[in-house]
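The values are calculated or read from the model by the stated rules, or taken from the named source; none is laboratory data. Quick caveat, the model's predicted, so the values are computed rather than measured. Glycine also receives a Cβ, built like all others from the backbone with ideal geometry; neighbour counts cover every protein chain displayed.
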Amino acid sequence: ATAGERKRHLCVVGDPDQSIYRWRGADLHNVLEFERYFPNARIVTLERNYRSTKTILAVANAVIRHNTKRPEKVLWTENEEGPPLGYYAAETAEEEAEFVVEQIRWHMERDPQTRVAVLYRTNAQSRLFEEACRRAGLPFRIVGGFSFYKRTEIRDVLAYVRLALNPWDDESLRRILNVPPRGIGKKTLEALEHLAHTAQLPLWDALQLALIERRLPERTLESARAFVQLIERLRASVQQGTIAETFRLAIHETGYAYALRERTHWATDPREAESRLQNLEELLSAAVEADERGETVREFVDRTALVSDADDYDPNAPITLMTMHSAKGLEFPIVFIVGLEEGLFPHARSSDDPEELEEERRLFYVAITRAERQLYLTYARTRRRQGEPTSTTPSRFLRELPPDLLEDLSATTKRSADTGPTYHSIAQIEPFFRERDRTISLGRSRAAAQDVPRERREEASVPVRPRFPIGARVRHPRYGVGQVISREETDAFVTLTVAFPGAGKRKFVEGIAPLELVS
C-alpha cells in the first residue's frame, strides 16, 4: 500500500480545462477519473479568478463550455466589468501584424509601462510580428524559442543561398556541407580543411581540387560531386531566377524538406519536424514578399543577416511574442490572440479527432485567460501557403463567443478605398460554417453574402474599374515596364500576370506588389 492509502494524506492539484500537453503524454483522464480511484476524496473547485475582468472570464466560460469531457466549473471574479474584446479581421496576414503593432503602439503611448503579449498557435507565425515590431521601433522578446531568422532550419537554408552568392564563404560551406546528411562526414571535412590550409585555398576550391584529383573515397566523391552540382544550380538561380525560386531550390532540391517530412535520423521528432517545415514555408513567404518589393537575392540575404545580428533582446521588453503553449502560467495586462483561422487554430490535425479538438479549445481557453484587462482576437482573410496567397476560413472558435461581448474593429479601423468596409463582423462568420459542413471552405460563401446589410450588397454590386486592367502598362522597381496580360480574380485577391521584355512573365498580387500605372 502507498503512503497515501495508509494515512490518506494525498493532495492532487489539477485543472482539466488547462490540460494542453496531450502530445507530450499528458493524460486528461488522470484528473477526470481521480474520484473513481479515490472515492472518498474531497474535491475543492477553485472558481474565483483574481486576474481577469468579468468580460474576459465570460468569454472564457462560453468557449470552454463547448467541451464535453470536463466537470462543470464557472470562473468568476470581483474585478471590474472591463471593456469588450476587440475583434479584427484583416485582409492579409501582413495587415494583421500591422494592426496588432498599431494597437500596441496606441496602448504604449498612453501607458509606457504596460506589458503586452502576442499569442500564436505555431512558431512560424512570429516572423510577421517580429518584422512589424522592428519597423515600428518597438522592443520585443521571444519566449520559448528563438527569433525567426535565428532558427536552425532558417539559418541552414540561408547558408545554402549565401554559398550560392559567394562560394568562398567558408563558414556557410562548413555549416551545410553535410546538412542534411549526404555522406560527407567529419573526417571528410577535416581532410578538406587540411587540404585548404596546405594549398592556401578557400574551402570551396579545396573541395573542387579534391574532386579533380580524386583525393576522397569513391563513395564520398559521388556525394561531394552531387553537392557541388547542387550549389551550381543554386548559383544559376541566383543570377537568373527570383528570390522565391532560389529559396524553393534551397529548401527542396537540397533534400532538406524531404528529410524533415520523412523524419530521418537527422530529425526524428514529428512535432519538431512539422514546426521546422512550417518555418521553411514562412521563409518562402518572406522570399515572395521580397520579390514583390523588387529586392535582389543578395539584398534579401543581407537584410536577414542584419536582423539576426540585431536580435539581442531585452528580457524586460514590454512586448512578448510566444506560442499559446508557452504562455501557460503567465499573465499580461493586454493580450492579442492572432491567426484565428481553420487549419491554423484549431490546428489542421485536430479536425478529425474529437479529443484533439477539445485540447485545442482548452488551449484557446488558456490563451484567453492570460489577459488581465484587454483582449484582442484577430485573423487574416488570406495567408500565404508555400508563398502563394490562399483564402482562409475563420476559426470555428469565433462562433462560440458571445457577440454582445465583442467589439468589431474591422470596419472602423481600416476601410477599402473602393468599396468601404471589407471585413466580416462576428455575425457574418456563422454562414461560413453552415455551408462548409465541417470542412474547410475557400473564399466567401454565398450564404455569407446574404448576411451583409443591403446597402453593402448594393454598393458591392456597382462595377468598379480594375486598377490594373488587361493591357495596362505598369512599372515594377525590379523588372521595369511591362504589360498586364491576365487577371485572376477570387473573393480574396486578384493575381496579375505581367509580361516584361527583359524578365518574361511574372505574377503579382494586386494591392501588395509595388506596381504603378504607366500612362
Query raised in the report: Looking only at residues in the stretch 203-231 that are acidic (D, E) and in a helix (DSSP H, G or I), which one is surrounded by the most Cβ atoms within 10 Å (Cβ to Cβ)?
Result: D205
Report summary line: Conditions (1) farther than 30 Å from W23 by Cα; (2) out of contact with any Pro (no Cβ under 6 Å at 6 or more places or on another chain); (3) surrounded by fewer than 20 Cβ atoms within 10 Å (Cβ to Cβ) -> G294 fails only (2)
Query raised in the report: What is the residue count in the stretch 49-59 for residues that are surrounded by 13 or more Cβ atoms within 10 Å (Cβ to Cβ) and in a loop (DSSP other than H, G, I, E, B)?
Result: 4
Requested in this report: Could you check, for the stretch 69-83, whether at least one of its residues is in contact with a strand residue (DSSP E or B) (Cβ under 7 Å, 6 or more places away or on another chain) and aromatic (F, W, Y)?
Outcome: yes
Query raised in the report: Quick one: E262 ticks every box in (1) within 22 Å of T497 (Cβ to Cβ); (2) more than 18 Å from the chain's Cα centre (by Cα) bar one, so which box is it?
Result: (1)
Query - Hits in the stretch 6-33 (condition: surrounded by 14 or more Cβ atoms within 10 Å (Cβ to Cβ) and not in a loop (DSSP other than H, G, I, E, B)) - result: P16, D17, Q18, R22, V31, L32
Report task. Keeping to the stretch 66-96, report how many residues are without any contact (Cβ under 8 Å) to a residue 40 or more places away in the chain and closer than 23 Å to L398 by Cβ. Result -> 2
Query - Of residues in the stretch 22-43 being among the aromatic types (F, W, Y) and at pLDDT 80 or above, the one nearest to E359 (Cα to Cα) - result: F34
**Report entry** Members of the stretch 185-230 that are among the hydroxyl-bearing types (S, T, Y) and in contact with a helix residue (DSSP H, G or I) (Cβ under 8 Å, 6 or more places away or on another chain)
**Finding:** T188, T220
Requested in this report: Could you figure out which of (1) in contact with a Leu (Cβ under 8 Å, 6 or more places away or on another chain); (2) modelled with pLDDT under 90; (3) not aliphatic (A, V, I, L, M) isn't true of S425?
Outcome: (1)
Report summary line: R373: passes all of (1) crowded, with 18+ Cβ neighbours inside 10 Å; (2) of a type outside the set (D, E); (3) in a loop (DSSP other than H, G, I, E, B) but (3)
Query raised in the report: Do the conditions hold for F300, that is, is it more than 29 Å from Y479 (Cβ to Cβ), surrounded by 14 or more Cβ atoms within 10 Å (Cβ to Cβ) and among the aromatic types (F, W, Y)?
Result: no
Requested in this report: Give the stretch 232-282 a look and list any residue that's in contact with a Pro (Cβ under 7 Å, 6 or more places away or on another chain) and outside any loop (DSSP other than H, G, I, E, B), or say none.
Outcome: Y256, A259
Requested in this report: Can you run down the residue pairs with Cβ atoms below 7 Å, 6 or more apart or on separate chains, where the first is in the stretch 382-410 and at positive phi and the partner is among the β-branched types (V, I, T) and part of a helix (DSSP H, G or I)?
Outcome: G387/V288
Report task. Name the single residue, out of those in the stretch 97-110 being closer than 17 Å to T392 by Cβ and of a type in the set (A, V, I, L, M), that is farthest from the chain's Cα centre (by Cα). Result -> V100
Query raised in the report: How many residues, within the stretch 326-357, are of a type in the set (A, V, I, L, M) and assigned to a strand (DSSP E or B)?
Result: 4
Query raised in the report: Would you say R36 is surrounded by fewer than 12 Cβ atoms within 10 Å (Cβ to Cβ) and in the same structural domain as R384 (by TED's automatic domain parsing)?
Result: no
Query - Residue satisfying condition, being crowded, with 20+ Cβ neighbours inside 10 Å, of a type outside the set (S, T, Y) and not assigned by TED's automatic domain parsing to the domain that holds R399, within set L46, L75 - result: L75
Query raised in the report: Which residues, counting only those in the stretch 289-326, are of a type in the set (A, V, I, L, M, F, W, C) and either at pLDDT below 95 or more than 18 Å from the chain's Cα centre (by Cα) (or both)?
Result: A290, V297, F300, V301, A305, L306, V307, A310, A317
Report task. Identify, by number, the condition in (1) farther than 15 Å from A367 by Cβ; (2) out of contact with any strand residue (DSSP E or B) (no Cβ under 7 Å at 6 or more places or on another chain) that Q103 doesn't meet. Result -> (2)
Query raised in the report: Out of the residues in the stretch 78-114 that are among the hydrophobic types (A, V, I, L, M, F, W, C) and surrounded by fewer than 20 Cβ atoms within 10 Å (Cβ to Cβ), which is farthest from F332 (Cα to Cα)?
Result: W106
Report task. Output the number of residues of the stretch 18-59 satisfying the condition of being out of contact with any strand residue (DSSP E or B) (no Cβ under 9 Å at 6 or more places or on another chain), touching a residue at least 24 places away in the same chain (Cβ under 8 Å) and of a type in the set (S, T, Y). Result -> 4
